[in-house]
Amino acid sequence: MSGTFVGMPAFPVAAREAVGDTTLRGNLRHATRTIRDKRARAVAELDDWAALREAGKQIKDHTLRHLDRYLVQVEEAVTAAGGTVHWAADADEANEIVARLVEETGEREVVKVKSMATQEIALNEALEARGIHAYETDLAELIVQLGKDRPSHILVPAIHRNRGEIRDVFRSEMGEWGRPAPENLTDTPAELAEAARLHLREKFLRARVGISGANFVVAETGTLVVVESEGNGRMCLTLPETLISVVGIEKIVPTWRDLEVFLQTLPRSSTAERMNPYTSMWTGTTDEDGPGTFHLVLLDNGRTDTLADQVGRQALRCIRCSACLNVCPVYERAGGHAYGSVYPGPIGAILSPQLRGTGSEIDASLPYASSLCGACYEVCPVAIDIPEVLVHLRERVVQGGPAVRHGNRVMLKPAKGHAAERAAMRAAQWAFTHPGALRAGQRLASRTRRLHPRTLPGPGRAWSGSRDLPAVPAEPFRDWWQRTHGGKGGAK
């Protein structure tokens, strides 16, 4: 996976800098609280939300168990409908396929629908290296691109920007990319939207190649589905002569009946809408209707490695609604850039280390970018137990162990910097399996509690630097039980 932000430090370092940015924290606090309050009201309208959530989980798990069969079904259906299917094992292969397809058209410009998969593989940068200009058409993605910035949210990539900052970006950068912003542009939302609309309209009408992802692919017919709120996606999907869609292999749903479930849960969890304003569906090509040439690039890029992990594979259920980001106290304070990936927040903390591996400093730190409060699990529309996967990945980082990388079973080495943690866990394991030693240690800790430091020394300072040490009670529970109950009741 090539989605690492170059030069990003480990999460604790990046987060420490981010929390000191008062403007960033203010922008995030306002935006995430607004979105999650609206989402809660939209979800509360459905009496069967819990049943829909369970249905989404079951559909995704079933599809992942039989993904080999459904992938073949998708290829056959898309091909029969006039499309061409390409298989990409990793980011480099996907970028090469897309760049070659664009070059074969003779065009040097493409318009893009918002797509996490193309961000994951750094497609824009790969096309730029081949002399092809890719123009983002989603408003938030446009803001990020014009500002030479990085996305910080799955649904709202420019959530870290306020209206004044967006106005300044439009004024200074739009002219270099096409139609300039009006000279008297203010930070009024309507004016900002109109400036973007005029700027993008020229791109839509000129472009002959469009690039998209897909929210879902219906296996039984080979139909691709894109849901969005602005209409830019509809323009990119229908106006160009050639359409290239890069889609992760986990986006498949078996049938149209299965799709019905997600068209209810996705909009309410993401934009707090009962349904998306624009739901575009297409199956291959049709004479005189939409693009005459359609290419589907099915992207692996670490997904089959993730699928091999019985605990971690549930991350592949994700439908990219971003609900987990909006309830996460860590994301609200640190922002998306600190995660060093196009997938920020709780889902990024479990998805990125699986797609990319835990070999880098930043990926080894991501499973710790959580308080394990469980709010992310409570709002997930496909019931991904993110805290469970976080703990699972923390064990992998500290202990190493078996894993699958690039389709091969390997034995991972423990990440650097966790020797003290491993020693502490081994000591705890020994103590818990030796009751006499545990009892003696508890009594010693209680009798010397007035001498205990308020912070831990040495490597322990990393732990006590962000939390209070728990106070040791005056006597261990076993001694209290013996004293008050005389040993009756089975306490040992």
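The values are calculated or read from the model by the stated rules, or taken from the named source; none is laboratory data. These numbers were taken from a predicted model, which means no experiment stands behind them. Using ideal geometry, Cβ is built from the backbone for each residue, glycine included, and neighbour counts are taken over all protein chains shown. Accessible surface is based on the protein model in full, side chains and every heavy atom, while ligands, DNA and RNA are left aside. Shrake-Rupley method; radii C 1.70, N 1.55, O 1.52, S 1.80 Å.
Are there any helices (runs of 4 or more DSSP H) wholly within the stretch 1-78 with 1 or more residues that are in contact with a strand residue (DSSP E or B) (Cβ under 7 Å, 6 or more places away or on another chain) and either more than 18 Å from His160 (Cβ to Cβ) or at pLDDT 95 or above (or both), and if so which?
Once the helices (runs of 4 or more DSSP H) in the stretch 1-78 are filtered for at least 1 residues that are in contact with a strand residue (DSSP E or B) (Cβ under 7 Å, 6 or more places away or on another chain) and either more than 18 Å from His160 (Cβ to Cβ) or at pLDDT 95 or above (or both), what remains is 49-65.
Quick check: anything in the stretch 190-206 part of a loop (DSSP other than H, G, I, E, B), surrounded by fewer than 23 Cβ atoms within 10 Å (Cβ to Cβ) and not β-branched (Val, Ile, Thr)?
Of all residues in the stretch 190-206, those part of a loop (DSSP other than H, G, I, E, B) come to none.
Looking for residues that are part of a loop (DSSP other than H, G, I, E, B), surrounded by fewer than 23 Cβ atoms within 10 Å (Cβ to Cβ) and not β-branched (Val, Ile, Thr), one finds none in the stretch 190-206, hence no.
Where residues in the stretch 284-324 are assigned to a loop (DSSP other than H, G, I, E, B), at pLDDT 95 or above and charged (D, E, K, R), which of them is nearest to the chain's Cα centre (by Cα)?
Arg320
Give just the number: which of (1) surrounded by 11 or more Cβ atoms within 10 Å (Cβ to Cβ); (2) of a type in the set (A, V, I, L, M, F, W, C); (3) more than 30 Å from Gly357 (Cα to Cα) does Ala471 not satisfy?
Ala471 satisfies every listed condition except (1).
For the condition open to solvent by 60 Å² or more (accessible area, probe 1.4 Å), basic (Lys, Arg) and in contact (Cβ under 8 Å) with a residue 40 or more places away in the chain, what is the one hit in Arg16, Arg36? Outline the logic, then answer.
Details: Arg16 fails: in contact (Cβ under 8 Å) with a residue 40 or more places away in the chain.
Matching residue, one of Arg16, Arg36: Arg36.
So for the stretch 178-186 (the condition being open to solvent by less than 10 Å² (accessible area, probe 1.4 Å), of a type in the set (A, V, I, L, M) and farther than 22 Å from Asn301 by Cα), does at least one residue qualify? Before you say what the answer is, go through the steps one by one.
Step one: list which residues in the stretch 178-186 are open to solvent by less than 10 Å² (accessible area, probe 1.4 Å), which gives 185.
Those left that are additionally of a type in the set (A, V, I, L, M): 185.
Cutting the leftovers down to farther than 22 Å from Asn301 by Cα gives us 185.
Taking every residue of the stretch 178-186 in turn, at least one turns out to be open to solvent by less than 10 Å² (accessible area, probe 1.4 Å), of a type in the set (A, V, I, L, M) and farther than 22 Å from Asn301 by Cα.
Only one residue in Glu260, Glu332, Glu250 is part of a helix (DSSP H, G or I) and either of a type in the set (Gly, Ala, Ser) or under 14 Å from the mean Cα position of the chain (by Cα) (or both), so which one is that?
Going through Glu260, Glu332, Glu250 in turn, just one is part of a helix (DSSP H, G or I) and either of a type in the set (Gly, Ala, Ser) or under 14 Å from the mean Cα position of the chain (by Cα) (or both): Glu250.
Is the stretch 386-395 home to any residue that is more than 29 Å from Ala51 (Cβ to Cβ) and out of contact with any Pro (no Cβ under 6 Å at 6 or more places or on another chain)?
Yes, some residue in the stretch 386-395 is more than 29 Å from Ala51 (Cβ to Cβ) and out of contact with any Pro (no Cβ under 6 Å at 6 or more places or on another chain).
Since Arg450 meets every condition but one in (1) free of Cβ contacts under 8 Å to residues at least 12 places away in the same chain; (2) under 26 Å from Ile350 (Cα atoms); (3) assigned to a helix (DSSP H, G or I), which condition does it not meet?
Status for Arg450: all satisfied but (2).
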